[in-house]
Structures are given as C-alpha cells and as structure tokens.
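Structure, as structure tokens:
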Amino acid sequence: MCKSKMATNASDPVSTRPTHSPQTRRTRSTPSPRNPPTLSYPSTSTSTSTTADYTAAASSSSHTKPFSTSTTSSRTSLSSLRGSISENPHIYSFSEIRSATNNFLLKKYSSSPTNCWRCDLRGKDVIIFQRKFRRKLEMQNLRERLSVICRSHHNSIIKLLGASISDDYIYLVYEYINGANLSDCLRNSKNPEFTVLSTWMSRMQIATDLAHGLDYIHNTTGLSLNLVHNHIKSSSIIVTEPSLNAKICHFGTAQLCGETDDSERKKVSDSKKESEISEIVEIEPSLTRSSSRNMQFEGVRGYMSPEFRATGVPMQKSDVYALGVVILELLSGEEPLKYKYDKTRGEFTRTSVIDTARLAMDGGEEGEREGRLRKWMDRRLRDSFPVDVAENVTRVALECVDVDPDKRPDMGRVSRKISKLYLASQKWSDNIKLPVGISLSVGPRS
C-alpha cells in the first residue's frame, strides 16, 4: 500500500522542515547594523517557538562547538550592561542636577517657598525639590535610607527616584505626576463655586487613597525605624487626572533631610520664630490671609498636632492628626484655619475646621444632628451623599485629631475603617443613580 503525501509527512516530520543553504543561515544569524540586538526576555508562549529559537542559535554557531558564540555574546552584553549602571542608581551627581535645571535658572514649578523645578533627568519627566539639611547624616546612613525609600512603591505615593547632595542642601528627585494639589481642587480661587471633586465618591476615593498610602508609609516600607511623613497637608497631595486618585508627595523627605534625627531637641531659633509669629497673629487683627505670610504659616500650623507644636518632635501620631484634618477638609471643603470679620466685635476671629466639625457632631437628637451635619458639609456636594456614612467618616476624622495622641488610632485601623466606609459608599452609589445636573435633598437646609 503506497503512502500518501500527508502520510509521508506525518511519519517523517523532519521532511517538513525547510532546508536552507549555509549562506542563507549565515545571513539570518547576522544582525543588521540598523537593528542592533537588544536584551529581552525569552519567549515562553509555546514549546515550538522556543525550539525554533534554539535551532536558529545552533545554526548560527560553529558545528564543532555549539552555542559558544551565543554564550560569549551574552557575557559581553551583560558585562556592558553592568558597566552602564552606576554603583548606586539612586544617587545623582550635582552636575546632572545643574544641567537639568539650567544651572537653577529654569522657571520654578510652583509658587511655594520651597524651590522646585520640573525638568528632564536621565530621560524621565521629574520634579526636583531643593531642601536644606536640618541635620546632616553620615553618608553610609543616608545611602541606606535612600536605597530603601527608593525601592518602596505604592500607588498612592509619588515615587522618589533619587537624590543629590551639595553643601547644606539635598536635591530630591521625584517622578512627575500630572494633576493638581488637593487644596486647589477643593478651593478654586477663580471660581469658588466650582470643584472637580463634586461627587461623594470622588472624595471617598481621595480619603481611601490617602489612608492606604499613609498606612504603607508607617507600617510596610521595611525601614527599621518608625517612618514619619511629617508633611501631610492638602497642598502636598496630588489629585491625578483624569482618574481623580490621590498621591502623597514628599515621601522620605523627613528621613533624608534629618528632620526626624533632630527631633530630640528643638532649635531655639525655630521656637522663637514660631512664638513671635503667633504673637503677631493674635495681636494684629487687620492681617488678611492673602497678603500676610503669617497667615500662610498659620495655615501650615492647622495640620500640626498639639504635641508637635509644643515639642517639635514628629511622630506617627502627628501624621494621623494631619490626615484627620485633611479628611475634614474633604468633607467640608473649608480650610483648616480661616479668619472671619466679626462686625459686632470689630475684629477678626479665627475658626478651625476641627471646632466646626465637633459642633456639627455634638450631641442632640438624631434629626437635629443630621441637620447640623448637612449644613456643615460642603454645599457643592448638593446634599448627594449617604448621611450615615458621612457621619461615620466625620467620627473617624475627629478620632484622628484627638488632643491626646494615645487616643488616636494607628493608621492600620484608620485604613480599615475608611475602606469599609468606601464600600458602603459604593453600595449607596450603585443603588441611587442620579441624573447628571440633578441633586437630591432629603432634608431642609437653613
């Protein structure tokens, strides 16, 4: 019985392989000058493609010593790769910083007192912050901290890429994130009635991101010391576009600038300056927030816990306090501290978002407390939020800003509570689908 062509191929698979002349094999194994070989991971999709790769490699090598040319080439590539990587990829030379910032003549990225520039460094879009050392660290200690912080990664934290040191300054290089800071998102100076965070879910998303990010900083970075952020405030939180997620800025600044190492003793000059500014604010009622640097300082102090203002010692519970203030900002849309002119008394009075939140939640019957809470919440939410969830979020924030640091929850507990409230908010949002431009008001507002 004679075999068909298909039967012949099935019985002899080798006959189906295409044959090539030695010249053809040499031509295929020689890389083109226009397309140099690149370092890539081998394909693991199918066994057939892997076999073909090995066959091609074998055909391009010597018949007497298979794979010798390929092995030599791999060793050469790896050697050149190691040579191209610096000893510590997280450390930039000062000349790189100067070149990227055009010798620091590049226009500053923001109007904040801290010098910062957006530029291109090693092919990446970055933000460079200039910080002064409060206390210089030993180089080995600084390298270790920098290495651990740069290896840390979380979706709610802007990644630190590296640093450079020159004299009394350290230059911190962070990845650039497209967005705006939370303070500007909540309080638009050009249009106070507008905010991009106009829905309850957008604000709960911000609160959840911040809680998870700060929990990671406190408990999951792997540093032997208790890591403190020490710069939590609404102007140091970036709201990304278009997803409206929150990312925490200045991660690792406190450790690398020596802020935490100098915590045992507060500098006399800083203490004196703070007391002088406090006296000016209390005595001079005609100062306004827009024209006075003292008011800006008071705005920063709005995030400072009582023990930090008294001792200057940053602790994790100080971060919890600052986060509580930010959550109250999210709920009310108000600044941590603001000044109102009292016509009857003829002077400015200072109000705190913490005090107004406590008044809204202070006792009374359930209906009465609900009315005060609705009045305190940001009007731009248009009453479209679950009242019970908003009340519980407010309670969590007020626990965070307790005067006694021992009574404040740790970030693990805060993160778990906020996550549960986010899920409750998501369930509420799925059940109540409001048409765009229509608000729902369950109770009257006066």
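The values are calculated or read from the model by the stated rules, or taken from the named source; none is laboratory data. In this text, all values refer to a predicted model and were calculated from it rather than measured experimentally. Virtual Cβ from ideal backbone geometry, glycine too; neighbours counted across all protein chains shown. Ligands, DNA and RNA are excluded from the accessible area calculation, which covers all protein heavy atoms including side chains. Shrake-Rupley method; radii C 1.70, N 1.55, O 1.52, S 1.80 Å.
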**Message:** Can you give me the long-range amide H partners of Ser166? Hydrogens built in the peptide plane at 1.01 Å from N, cutoff under 5 Å, separation of 5 or more residues or another chain.
**Reply:** Tyr171
**Restraint check, Lys159/Lys420; Lys317/Lys417; Lys340/Lys375; Lys233/Lys340, Cα-Cα greater than 20 Å** = Lys159/Lys420; Lys233/Lys340
**Asked** If ligands, DNA and RNA are left out, what is the accessible area of Phe385 with a 1.4 Å probe, given in Å² to the nearest 10?
**Response** 10
**Message:** Between Thr240 and Ser419, what is the label-point separation in nm under the 7 Å Cα-to-beta-carbon projection?
**Reply:** 1.9
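Could you give the length gained by full extension between Thr344 and Lys427, i.e. 0.36 nm per residue of separation minus their alpha carbon distance, to one decimal place?
Working: separation 83, 0.36 × 83 = 29.88 nm, distance 4.69 nm.
Result: 25.2 nm gained on full extension.
Note the full-extension length gain between Arg379 and Asn191 as 0.36 nm times their separation in residues minus their Cα-Cα distance, in nm to one decimal. List each step's numbers first, then the result.
Values: separation 188, 0.36 × 188 = 67.68 nm, distance 1.43 nm.
That pair, Arg379 and Asn191, stretches by 66.2 nm at full extension.
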**Prompt:** How far, in nm, would the chain grow between Ser166 and Asp410 when pulled straight, counting 0.36 nm per residue and subtracting the alpha carbon separation?
**Reply:** 84.2 nm
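Are there GluC sites (Glu not before Pro) in the stretch 109-183 that DSSP puts in a loop and that have at most 11 other Cβ atoms within 10 Å, and which ones? Walk me through the intermediate numbers first.
On the way: sites: Glu138, Glu144, Glu175; in loops: Glu138.
The qualifying sites are Glu138.
Can you give the FRET efficiency for Thr114 and Gln140, using 1/(1 + (r/R0)^6), R0 = 35 Å, r = Cβ-Cβ distance, to the nearest 0.05?
Details: r = 27 Å, r/R0 = 0.77.
So the FRET efficiency works out to roughly 0.80.
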